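Working notes, structure below.
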Amino acid sequence: MIRCLLESFPPQASVFLPAVAIWDLHCHLSGVPGVLPEQRLGRLLEIGARVGIERVCVYMGLRFNPDPDPDSMRRDNDAVLRAIAAFPDQALGFVYLNPNHPEASMSELERCVADGPMVGVKLWIASRCSAPRLDPLIERAAALQAVVFQHTWFKTNGNQPGESTPLDLVDLARRHPATPLICGHTGGDWERGLRAIRQQPNLFADLAGSDPCAGFTEMAVRELGAPRVLYGSDAGGRSFASQLAKVHGAAIPEADKDRIFHGNLRELLLPILTRKGMKT
């Protein structure tokens, strides 16, 4: 686990990396040392800075809750709000929503994004995203210019009851063709995931969270084009280094690496960052 990496990594350690800005789409406070939210985020940012990461997106509170009730959902979002308030120029927050509680989710979307500093939406495994009950949430998020991130997986032993596959996200994307949607993990089984989403132009591939196999980033660029590929780590459940290697070691042009590491996510976030007067 990344906890071991974070606790053992010496403060003076450094590595030589190309001078490229890196924005990490996919980070959590869970799995990181610290009691308070801001302590965990501070530690995450400290380690990330050593490998070139200048900005992170965080969501889902201090521990993973797969099907939170309204009170738990609010507590999870409060933890992220507290964390990002301590590092406003380095961290961006996404509101964690549970479509099984549509009224509470809409309330959290208003509180954290419309009236608060968050800039995106995080959907996990409580409800498959092909369900029509997601539509009002997606429509409101789009109106707020919030980025929408949906966890997806293709599991060989079968997904959990509410866990989406990339095919579920394709169904949602077809109902909202003008709304950019991010395919979290690209389904884990990324070869299947990339093929599942390639014909839906408003879907973006997240590189985070699967094993750092050679060829993932190259196939994503080949199948989708570099503008639809986004770097993420899934820290603190995965190490930064293993996930960065997918892009640093890819046989693609340096300009494409720059887009994947920074340019594409910045482009997606630019409208809401500009509207909120936040650092771009």
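Taking neighbour counts of Cβ atoms within 10 Å as a proxy for exposure, in what order, fewest first, do Ile47, Ile260, Ile252 appear?
With the sparsest Cβ surroundings first, the list reads Ile252, Ile47, Ile260.
Based on Cβ point charges of +1 for Lys and Arg and -1 for Asp and Glu, what charge dipole magnitude is obtained for the chain about its Cα centre, in debye rounded to the nearest 20?
220 debye
Please identify every one of the chymotrypsin sites (Phe, Trp or Tyr not before Pro) in region 29-95 that sits in a loop by DSSP and has no more than 16 other beta carbons within 10 Å of its own beta carbon.
Those that pass, being in a loop and sparsely packed, are Phe64.
Which whole DSSP H helices in the chain pass both tests: a Cα extent of 24 Å or more along the axis and a mean Kyte-Doolittle value no lower than -1.0?
Membrane-span-like by this criterion, though nothing is claimed about a membrane: 70-86.
What's the exposure ranking of Ile182, Ile272, going from fewest to most Cβ atoms within 10 Å?
Ranking Ile182, Ile272 by Cβ neighbours within 10 Å, fewest first, gives Ile272, Ile182.
Please rank Val113, Val80, fewest neighbouring Cβ atoms within 10 Å first, as an exposure proxy.
Val113, Val80
If you project the alpha carbons of region 102-239 onto their three principal axes, what span does each projection cover, largest first, in Å?
42, 32, 31
Laboratory data are not the source of any read-out in this text; all were calculated from the coordinates shown. Computed from a predicted structure; not experimentally measured. With ideal geometry, Cβ positions are generated from the backbone for all residues, glycine too; neighbour counts draw on all protein chains shown.
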